[in-house]
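The values are calculated or read from the model by the stated rules, or taken from the named source; none is laboratory data. Note that the coordinates shown come from a computational prediction; the quantities given were computed from them, not determined experimentally. In this analysis, Cβ positions are derived from the backbone assuming ideal geometry, glycine residues included, and neighbour counts consider all displayed protein chains. Calculation scope for accessible area: heavy atoms of the full protein, side chains included, ligands and nucleic acids excluded. Shrake-Rupley method; radii C 1.70, N 1.55, O 1.52, S 1.80 Å.
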Amino acid sequence: MIRFDNVSKRYETGYEALSRVSFDIARGEMVFLTGHSGAGKSTLLKLIMHMEKSSQGQVLVNAQNLNRLKASQVPYFRRNVGVVFQNHQLLFDRSVFDNVALPLQIAGNHHAEVARRVRAALAKVGLLGKEQSNPIMLSGGEQQRVGIARAVVNKPALLLADEPTGNLDPVLSAEIMDLFQQFNQVGVTVLIASHDLALVDRLQKRVLTLGEGRLIHDGQLETRLGNVDA
Amino acid sequence: MSTPKAAPRTRRSSKKDGASQSKTLRRDRFQAWFVHHQITAVESLLRLLSTPLQSIMTWLVVAIALVLPATLYVGLDNAQQMGAGVENTGKMSVFINRKARDSAIQGLSKRLLSKPEVARVRLISPSEALAEFQLRSGFGSIIEHLDSNPLPTVLLVEPMLENADTGTLAQLQKNILKEAIVEDVSIDLQWVERLNYILVLAQRLVMALALLLVLGVLLVVGNTIRLAIEGRRDEILVVKLVGGTNAFVRRPFLYAGLWYGLGGGVLAALILSAGLAWLAGPIGHLADLYQSEFRLRGLDWNSSVSLILGAGLVGLSGAWLAVGRHLGQIEPK
């Protein structure tokens, strides 16, 4: 589903955010991406979203080489990738319903279809009663769930999350992770960037660890701890 | 909707079924696209109306910039209407020496009529001329106090229309002037021609002014749209992140530009009509005093519609400029 082949990302300032990173994530996998802040997690996610272009190496998502993606194809590519942001990126000038409906409207879905799928997505994240609320009225955990509903409403094959539990207490964080697991169980490939190692440890999934732009570990968490200690 | 159509195709070949399915999908997409246009159009109008003060200001600026050239255009149109009232036939007035005998005048009249380039000759005697002058000039009462008739006999010479080019007329005028009893020959054409040249000049000036003001409207709308784009930066970022095409992002701003233009155009047409209605009374009276049938002609239906649609087009173009320049700079980072 995602393939990084010797990928480096150097910014114009000369700062190298990623250097020679290679890994493969199979369809239907659930993978965590960890590392200290500034280790390159966000840059890696941005490369997958095609918000940044790699300076070197190939990024393949869903068998599509992003280096060869034309500007006009980018929107259509992004419709197949759901993204959950730490700061939610919700729009406070419209209701929860309209926030979640946005990707469907953009994709040109029929009115009735939009309503049906938005309600299904909101039901999935447990916010069915809040459709007409303004997201600003919701708690942080609820806002994050609106963000998740928006990310999955299009039924993307790939779900990315950048520190989705960054601002949440442990109970809410666990709930959010449960949601991601549920999506993974129905076949969605999930990649979550998180520095909440306790949470990551509990889920026993594959973990990619970045350190100063390099991939320093790939596998289950215990091994990673061993590597870091060594 | 389209299932009954698709069903028989399925029996023939599965390939065709796929094609019809994608056709259905395309039709759905088109319908959704069309619906989105409608929704966006209404939403952008509502958005403008939700900040009434700012929108009215923009509409007024657009309207004022349009009223100026439109007023000049109407003025020109009316001047042309006045000019058109004078027949452009190259009629000549031949003024006869007052000492000339009637037989000589009759002889000249016949000679002129025999020329191939002359269509008609009409003799206006001094008394006839005086009566007409009394009737038309507005100096009737003064003339009554005159001791004798100061007006000469005039032969009104109408040339053949097909020969009424300037060269022939000038030659004819020269020939008539050679006649002994002729004092002077004047061609009506001269001042009509001059008026026409003045109107052409004025037309160009109006055009240049209109061009400048249209450019102003373009920039005003462009700047307003630029501010709107800045104000909705977050939304644009999110839309781009969840796969909105540039066209999708552009659309509400283009509609906003269109509404600014159309609203300004409607307002300009209203201001112009009100102004002309205000002027029509006094101008009518003035024309009456000059015994003229002239009446102020406002913008007709077609011109009003053109003004409004043109304004809409200018607004749309202004928005297009702003969008093209600023949307590209807003990319999720």
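So that you can scan it fast, the table gives a plain yes or no per residue for (1) at pLDDT 90 or above; (2) under 37 Å from the mean Cα position of the chain (by Cα):
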residue: B:Ser20; (1), (2): no, no
residue: B:Lys23; (1), (2): no, no
residue: B:Val35; (1), (2): no, yes
residue: B:Leu53; (1), (2): yes, yes
residue: B:Ala65; (1), (2): yes, yes
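Against the condition assigned to a helix (DSSP H, G or I), assigned by TED's automatic domain parsing to the domain that holds B:Trp301 and open to solvent by 30 Å² or more (accessible area, probe 1.4 Å), how does B:Leu211 come out, does it pass?
Considered against the rule, which asks whether it is assigned to a helix (DSSP H, G or I), assigned by TED's automatic domain parsing to the domain that holds B:Trp301 and open to solvent by 30 Å² or more (accessible area, probe 1.4 Å), B:Leu211 comes out as yes.
Within region B:282-290, identify whether any single residue is under 22 Å from the mean Cα position of the chain (by Cα), open to solvent by 40 Å² or more (accessible area, probe 1.4 Å) and under 19 Å from B:Gly75 (Cα atoms), and answer yes or no.
Looking for residues that are under 22 Å from the mean Cα position of the chain (by Cα), open to solvent by 40 Å² or more (accessible area, probe 1.4 Å) and under 19 Å from B:Gly75 (Cα atoms), one finds at least one in region B:282-290, hence yes.
Report, ordered by the first and then the second residue, all pairs with beta carbons closer than 9 Å, sequence separation of six or more or different chains, a first member in region B:72-83 that is free of Cβ contacts under 8 Å to residues at least 60 places away in the same chain, and a second member that is β-branched (Val, Ile, Thr).
Taking only residues 6 or more apart or on different chains, the pairs are B:Gly75/B:Val206.
Do any residues in region B:305-325 that are open to solvent by 70 Å² or more (accessible area, probe 1.4 Å) have Cβ atoms under 6 Å from those of residues that are assigned to a helix (DSSP H, G or I), where the two are at least six apart or on different chains, and which pairs are they?
Within 6 Å, the pairs are B:Leu321/B:Gly222.
Just to be sure, is A:Val118 within 14 Å of chain B (Cβ to nearest Cβ), among the aliphatic types (A, V, I, L, M) and either farther than 30 Å from A:Ile216 by Cβ or in contact (Cβ under 8 Å) with a residue 24 or more places away in the chain (or both)?
Here the answer is yes, as A:Val118 does meet what is asked.
Can we say A:Ala151 is at pLDDT 90 or above and surrounded by 21 or more Cβ atoms within 10 Å (Cβ to Cβ)?
yes
Consider B:Gly261 carefully, then state whether it is over 30 Å from A:Arg79 (Cβ atoms), small (Gly, Ala, Ser) and either within 14 Å of chain A (Cβ to nearest Cβ) or in a helix (DSSP H, G or I) (or both).
It is true that B:Gly261 is over 30 Å from A:Arg79 (Cβ atoms), small (Gly, Ala, Ser) and either within 14 Å of chain A (Cβ to nearest Cβ) or in a helix (DSSP H, G or I) (or both).
Here is a list: A:Pro103, A:Pro75. Which entry is part of a helix (DSSP H, G or I) and open to solvent by 10 Å² or more (accessible area, probe 1.4 Å)?
Answer to the selection: A:Pro75.
Taking the options B:Gln81, B:Gln106, B:Gln38, B:Gln54, name whichever one is within 14 Å of another protein chain (Cβ to nearest Cβ), out of contact with any Cys (no Cβ under 9 Å at 6 or more places or on another chain) and not charged (D, E, K, R).
Answer to the selection: B:Gln38.
I want to confirm something. Restricting to region A:53-72 and keeping residues that are part of a helix (DSSP H, G or I) and away from chain B (no Cβ under 13 Å), which single residue is least open to solvent (accessible area, probe 1.4 Å)?
Step by step, filter region A:53-72, then rank; the result is A:Leu66.
For region B:193-209, indicate whether the set of residues that are hydroxyl-bearing (Ser, Thr, Tyr) and either under 22 Å from B:Ala322 (Cβ atoms) or under 24 Å from the mean Cα position of the chain (by Cα) (or both) is non-empty.
yes
Hydrophobic (A, V, I, L, M, F, W, C), open to solvent by 50 Å² or more (accessible area, probe 1.4 Å), under 30 Å from A:Ala71 (Cβ atoms) and in the same structural domain as B:Trp59 (by TED's automatic domain parsing): is that true of B:Trp259 in this structure?
yes
Considering only region A:73-114, how many residues are facing another protein chain (nearest Cβ under 8 Å) and hydroxyl-bearing (Ser, Thr, Tyr)?
Looking only at that region, the number is 1.
In contact with a helix residue (DSSP H, G or I) (Cβ under 8 Å, 6 or more places away or on another chain), open to solvent by 40 Å² or more (accessible area, probe 1.4 Å) and away from chain A (no Cβ under 14 Å) - does that describe any residue in region B:232-247?
no
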